[in-house]
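Have a look at the structure below before the remarks.
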Amino acid sequence: MLDAAFMCRWMTATADAVDRDEARLTDLDSAIGDADHGANLRRGFTAVAAALGKEPPGTPGAVLALAGRQLISTVGGASGPLYGTLLRRMGKELGDADEVTREQLARALGAGVAAVGLLGGAAAGDKTMLDALLPAVDALGESFGAAADAAGAGAAATVPLRARKGRASYLGERSVGHQDPGAASAALLIGALVEAAA
Ligand code: ADP
Ligand code: MG
């Protein structure tokens, strides 16, 4: 069973991963965006880790809801409201249960990903974070490792795609040949689940 401490570990492992990979995320965003994705997410997840460290909520749902609110209030770019919505919606889905199963977390991820799709109007294949998140939903029903692999493969598969949403879509054909930065960071987020579970 997954408790509030598990969700705090997930969020701090994500903050660590974003810290480690900040330059890579910024490089990806400098190729097809405005070179702020690494800094945006580092600011956001640093605030998440600080808020959770100060007053860790008692339930998994409340941890994710707090993390989502922090991302929305601290990240200026498009990714802040999108990741914020993902985590807030997941938190809402988990309700006030003290512990949840991995299968429940997978269903909550599915609801969160659907909310991201509604907010941003993107679908699979549009070369966004959704291309890493969507494959992770079903795979998380199987295992944490399968979800991490699916998200990583989904992020890698954005390279040949042409962006149809977000800043990268302004480049049209010139967005082809680069990995989407948001898909890369989504793979970090899902990969951090493996560390939280270890
Ligand atoms: P900004 O584009 O405002 O500079 P970031 O650089 O932080 O914000 O985030 C860019 C990432 O956000 C993109 O790589 C993409 O994955 C994601 N993104 C942008 N717009 C959308 C959207 N409408 N739906 C889903 N994801 C999106
Ligand atoms: Mg950007």
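Hey, can you tell me all the residues within segment 154-195 that are out of contact with any Ser or Thr (no Cβ under 8 Å at 6 or more places or on another chain), more than 9 Å from ligand 1 (Cβ to nearest atom), more than 30 Å from residue 105 (Cβ to Cβ) and assigned to a helix (DSSP H, G or I)?
170, 171, 172, 173, 174
Yes/no matrix, rows are residues, columns are (1) surrounded by 15 or more Cβ atoms within 10 Å (Cβ to Cβ); (2) of a type in the set (Gly, Ala, Ser); (3) more than 12 Å from ligand 1 (Cβ to nearest atom); (4) over 18 Å from residue 70 (Cα atoms):
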{"residue": "84", "(1), (2), (3), (4)": "yes, yes, no, no"}
{"residue": "89", "(1), (2), (3), (4)": "yes, no, yes, no"}
{"residue": "96", "(1), (2), (3), (4)": "no, no, yes, yes"}
{"residue": "111", "(1), (2), (3), (4)": "yes, yes, yes, yes"}
{"residue": "122", "(1), (2), (3), (4)": "yes, yes, no, yes"}
{"residue": "142", "(1), (2), (3), (4)": "no, no, yes, yes"}
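Among 163, 139, 157, which is the only one that is within 29 Å of residue 46 (Cβ to Cβ) and out of contact with any Leu (no Cβ under 7 Å at 6 or more places or on another chain)? If you could, list the steps in order and put the result at the bottom.
On the way: 163 fails: out of contact with any Leu (no Cβ under 7 Å at 6 or more places or on another chain); 157 fails: within 29 Å of residue 46 (Cβ to Cβ).
Of 163, 139, 157, the one residue that is within 29 Å of residue 46 (Cβ to Cβ) and out of contact with any Leu (no Cβ under 7 Å at 6 or more places or on another chain) is 139.
Criterion first (within 16 Å of ligand 1 (Cβ to nearest atom) and closer than 15 Å to residue 188 by Cβ) does residue 29 satisfy it?
yes
Could you please tell me which pairs satisfy a Cβ distance under 9 Å, a separation of 6+ or placement on different chains, a first residue in segment 67-78 that is in contact (Cβ under 8 Å) with a residue 40 or more places away in the chain and within 19 Å of residue 8 (Cα to Cα), and a second residue that is buried (at least 24 other Cβ atoms within 10 Å of the Cβ) and β-branched (Val, Ile, Thr)?
67/14; 67/48
Listed residues 31, 47; which is in contact with a helix residue (DSSP H, G or I) (Cβ under 7 Å, 6 or more places away or on another chain) and of a type in the set (A, V, I, L, M, F, W, C)?
Working: 31 fails: in contact with a helix residue (DSSP H, G or I) (Cβ under 7 Å, 6 or more places away or on another chain).
It is 47.
Among the residues of segment 114-144, what is the count of those that are in a helix (DSSP H, G or I) and not hydrophobic (A, V, I, L, M, F, W, C)?
5
When you go through 186, 148, 192, 122 one by one, which is the residue that is within 12 Å of the chain's Cα centre (by Cα) and within 16 Å of ligand 2 (Cβ to nearest atom)?
Just one listed residue meets the conditions, 186.
Quick note: the coordinates plus some simple rules give every number you see, no bench work behind them. Note that the structure is a prediction, hence the values are computed from the model and not measured. Glycine gets a Cβ as well: all are built from the backbone with ideal geometry, and neighbour counts include every protein chain shown.
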